[in-house]
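Okay, structure first, notes after.
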Amino acid sequence: MQPILSLRDVSYSYHNLKGETPALSHINLQVSEGSFVAVVGPSGCGKSTLLSLISGLLPPEDGEILYRGLSSRDYCADSALKIGYMLQRDHLFEWRTVYQNLILGLELTHNLTKENTDYILKLLNDYGLYSFKDKKPSELSGGMRQRAALIRTMAIRPDLLLLDEPFSALDFQTRLFVSADIANIIRKTGKTALLITHDLSEAITLADRVIVLSKRPASVKREMSILYEISREDPLAIRSTAAYQEYFNQLWEVLTDGKTTV
Amino acid sequence: MGKQRSNTQPPVSERQQNFLRAHHRHHHRITCGRFLLLFCFLGFWETASRMAWIDSFFFSSPSGIIQYLGQMLTDGSFFTHTGITLFETIASFVLVTVLSLVSATLLWYQNSLSEILEPYLVVLNALPKSALAPLLIVWLGTGANTIIVAGISVAVFGSIISLYTGFCQVDPEMCKLIYTLGGSRKDALAKVILPSSVPLILSSMKVNIGLSLVGVIIGEFLAARRGLGYLIIYGSQVFQLNMVITSIIILCAIAMLFYKLIQSAEHYYRKKA
């Protein structure tokens, strides 16, 4: 399948008076339409920087990012090519109701039309949050908050979804099911998604392809396609398959450079 | 599942009732203790003055103060002096609040402006504002304008610094969310910085009202012919200590009134939030 997002030799460094801190070094990767790609790597390796670059929040210092054939400056200006970005925490504003939080993106882009608000109401209904639309975010559970954050991102009808460890603030049990739930929702909509995570199990359970980054400055160490014979709906069933174990062992070896102890 | 509120109140257990009774008893004891302390103090003061343990000419007495307050109410001077001090304080407070909000917003919006102005703000905040009063009299004359500006000068710089610092401490990820949804820095200000800073703005208002009152009294000491500050300085010059202490007590009541007003605004906000 033709890639819709490609990064060619992308590098980025942070600068301050103490010196230069290289975050990404010559990253090359491609994402094809409708795929769910997970990027894993050690903590602080520059994974979030990668998403900031793709979303256009940061300009690449070197190299080129092409999305649907356009450079980052052009695709950010193109209103049809919206990029949805889910952050590590849901950041639902407590001074707004759940519904008011969800229309935030539409308000900011002056797209608060009846058609779009109806779409949000439909998503609220689909994701089981309709009865909570007039509540304050603090009245929702951790999983519901993540669903609300996903609706807020989906409301702008993004072409590409960037997920920056959106489940890291959840406890293990909730995380296991919420991550599978959200991945299934994304898969059903046929959106292309790029998930950043430091949790190898999560990456292998959710994604079609896993990209392993090296320590800072990050570069692509390994790419691996993930395929299961069973449905991905049940994360526990996936985790008990032999294929999962095999993927995990292989990627663990890449991540830890073959070392068995920390 | 999320915390769902039920419309039917669950029955209160006996242990909960005991806890509530003990809580109310404790609350009453504290209130009684406060009044008892006040009555003991006033009683001791009155007795000491009547028994000539202290010189009532210098230290006044509660009965003398009540008598003077009655006299002020009868001749209408209470309303004139309290009214002008109240007006000047409210005017300073409103101007301080508006000025500091606008300035802190501009400083947050323009990073380089805040870098340029930071040392000046720190110096102006540290400067004893009473040192400015003679200058203000020369520039603005003696009157309400000078006093209002004195009130503003005491509170405004600290308020700008505390609001600006608060704005900068808002989680940058919340602003990042605005940018990821297609918003600008102006949107981050309107949708994140200002709404999330409402508790900070209210607490800064609490400080500002007290400082505005301080500034107004300093101004009235030096440049007024009316107001409670004028009564205090005039009373001390002509050795009318009843006048001085009565004015101080009225000031205490005004300070408490303002504090309570802002506290109720804070309660209203919390209830709404």
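Only the coordinates and a few stated rules stand behind these numbers; no lab work does. For clarity, every value in this text was computed on a predicted model and none was experimentally measured. Note that we place each Cβ from the backbone using ideal geometry, even for glycine, and neighbour counts take in every protein chain shown.
A few remarks follow.
- Rounded to the nearest 0.05, the FRET efficiency derived from the C-beta distance between A:THR21 and B:LEU140 at R0 = 51 Å is 0.40.
- Dimensions (Å) - the protein assembly as shown, Cα atoms, principal axes, largest first: 100, 65, 55
- Modelled label positions at B:SER77 and A:GLU115, each set 7 Å beyond Cα in the direction of Cβ, lie 7.6 nm from each other.
- A Cβ-based charge dipole, computed about the Cα centre of the protein assembly as shown with Lys and Arg at +1 and Asp and Glu at -1, lands at about 1360 debye.
- Other residues with beta-carbon under 13 Å from the beta-carbon of B:ALA22 carry, at +1 per Lys or Arg and -1 per Asp or Glu, a net charge of +3.
- Gyration tensor (alpha-carbon) shape descriptor, chain A, a/c threshold 1.5: oblate
- A:LEU176 sits among other residues whose Cβ lies under 11 Å from its own Cβ, and their net charge, with Lys and Arg +1 and Asp and Glu -1, is -3.
- The Rg/Rh ratio for region B:194-273 is 1.15, where Rg is the radius of gyration of the alpha carbons and Rh is the Kirkwood radius.
- Among the residues of B:171-179, the average count of other protein chain beta-carbon atoms within 10 Å of the residue beta-carbon is 5.
- Summary: within chain A, the longest segment free of trypsin sites (Lys or Arg not before Pro) located in DSSP loops with at most 11 other C-beta atoms within 10 Å is A:19-258.
- Region B:79-272: C-alpha pair distances exceeding 25 Å, %: 44 percent
- Neighbour-count order for B:TRP108, B:TRP139, A:TRP252, fewest beta carbons within 10 angstrom listed first: B:TRP139, A:TRP252, B:TRP108
- Distance (nanometres) between label positions extended 7 Å along Cα→Cβ at B:THR165 and B:VAL12: 4.2 nm
- Long-range lysine pairs (8 or more apart or interchain), chain A, Cα under 14 Å: 5
- Proximal charge balance of A:TYR12 [Cβ under 9 Å; K/R count +1, D/E count -1]: -2
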